1. Return yes when LEU122 is outside any strand (DSSP E or B), in contact (Cβ under 8 Å) with a residue 12 or more places away in the chain and more than 30 Å from GLY203 (Cβ to Cβ) and no when it is not.
2. Restricting attention to segment 185-201, report how many residues are part of a helix (DSSP H, G or I) and within 17 Å of ARG112 (Cβ to Cβ).
3. Among the residues that make up segment 68-75, is at least one of them closer than 25 Å to ARG188 by Cβ and within 13 Å of the ligand (Cβ to nearest atom)?
4. Report yes if some residue within segment 166-184 is part of a loop (DSSP other than H, G, I, E, B) and in contact with a helix residue (DSSP H, G or I) (Cβ under 8 Å, 6 or more places away or on another chain); otherwise report no.
5. Between residues in segment 257-277 that are over 11 Å from LYS237 (Cβ atoms) and residues that are in a loop (DSSP other than H, G, I, E, B) and hydroxyl-bearing (Ser, Thr, Tyr), which pairs lie under 7 Å by C-beta distance while being six or more apart or on different chains?
6. Looking at LEU216, is it at pLDDT 90 or above, surrounded by 21 or more Cβ atoms within 10 Å (Cβ to Cβ) and farther than 30 Å from VAL34 by Cα?
7. Please indicate, with yes or no, whether at least one residue in segment 273-286 is in a helix (DSSP H, G or I), under 18 Å from the mean Cα position of the chain (by Cα) and surrounded by fewer than 21 Cβ atoms within 10 Å (Cβ to Cβ).
8. Filter segment 185-213 for residues that are small (Gly, Ala, Ser) and on the phi < 0 side of the Ramachandran plot; which is modelled with the highest pLDDT?
Amino acid sequence: MTINKSFNLSGITLHSGKHSNISVNPAPADTGIVFKRNDLKVSHGDTIIKANYQNVIKSDLCTKIANKNNISVSTIEHIMSAFHGMKIDNAIVELDTDEMPILDGSADEYVRGIESVGVKYLSSKKKIIRILRPIISRNNESYIKVQPSEEFQIDYTINYDHQSIKTQQFSFNFDQEIDYKKIISNCRTFGFKHEVDYLREKGLIAGGSFDNAIVLDDHGIMNKNPLRQEKEFVKHKILDFIGDIFLLGSSIKGSFEIYKGGHRLTHDLMKSIMSDDSNWIFEDHAPYNLKLENIDYIEEVSVAI
Ligand SMILES: [Zn+2]
């Protein structure tokens, strides 16, 4: 599935603090999600970076991918989450710098953009990855466990020594895109003031502000606007996970249990899953039962990249 037509978004980037203009475009079947840097003047094709776990080059503060020419794009996890959540598996994202805009710190504007142009079915059958046996990735006390399942389920627990968060746990059954939209897509990223100050001093979050993150200090939440959802913190971690796991190139059937996860742990898990053919199998995706209003049943779309 792809989008009906292009839409544009722009805004400041979190890490470099630059302005980023993006254009999200339809793509033919089997394109996958690709990013294209329009600010670089190199020969055609060299500025395309495929959204795939094998292209991940950094996963500390965000997810960053690069192609074989070392041309990169960072902070892709929120738009990847919106694509996965809204079941868009083919799209070309053009941008004029090396980082996606942070927007409001959630996937809300991407979801609105997708809804504003509608979606388009493509003729080729969509594949999905089915997990065949339990796999675990661990780093100290943090872990992600996946078990075989008929569905894509995420049970996520975070634990912070802070009165506004403490332990938060949420189970999300990834089925209808309407659930993703209502429960997950508008949950914002968050940070602690002492970390934010440190990262800003180091120049690592030049674009960070109360407009694109929930910031917590010793007394509580510093933002004037209230939380958008109950358990917004853990739900944002689920948002990130849905985006990162889509770097497998397909959606997935498996039951995930995550304790204090993060980008790096998800990337490690994807490598573990794909390292052994007996861990997984491709199967045809069941027909969609979409509840979006704006759906176009056109068979083919042709856009050159
Ligand atoms: Zn995030």
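1. yes
2. 0
3. yes
4. No, because not a single residue in segment 166-184 is part of a loop (DSSP other than H, G, I, E, B) and in contact with a helix residue (DSSP H, G or I) (Cβ under 8 Å, 6 or more places away or on another chain).
5. If the second residue must be in a loop (DSSP other than H, G, I, E, B) and hydroxyl-bearing (Ser, Thr, Tyr), the pairs left are ARG264/SER59; HIS267/SER59.
6. Criteria met by LEU216.
7. No, segment 273-286 contains no residue that is in a helix (DSSP H, G or I), under 18 Å from the mean Cα position of the chain (by Cα) and surrounded by fewer than 21 Cβ atoms within 10 Å (Cβ to Cβ).
8. SER185
The values are calculated or read from the model by the stated rules, or taken from the named source; none is laboratory data. Everything numeric here is computed off the predicted structure, so don't read it as measured data. Cβ sites come from the backbone with ideal geometry, for glycine too, and all protein chains shown count toward neighbours.
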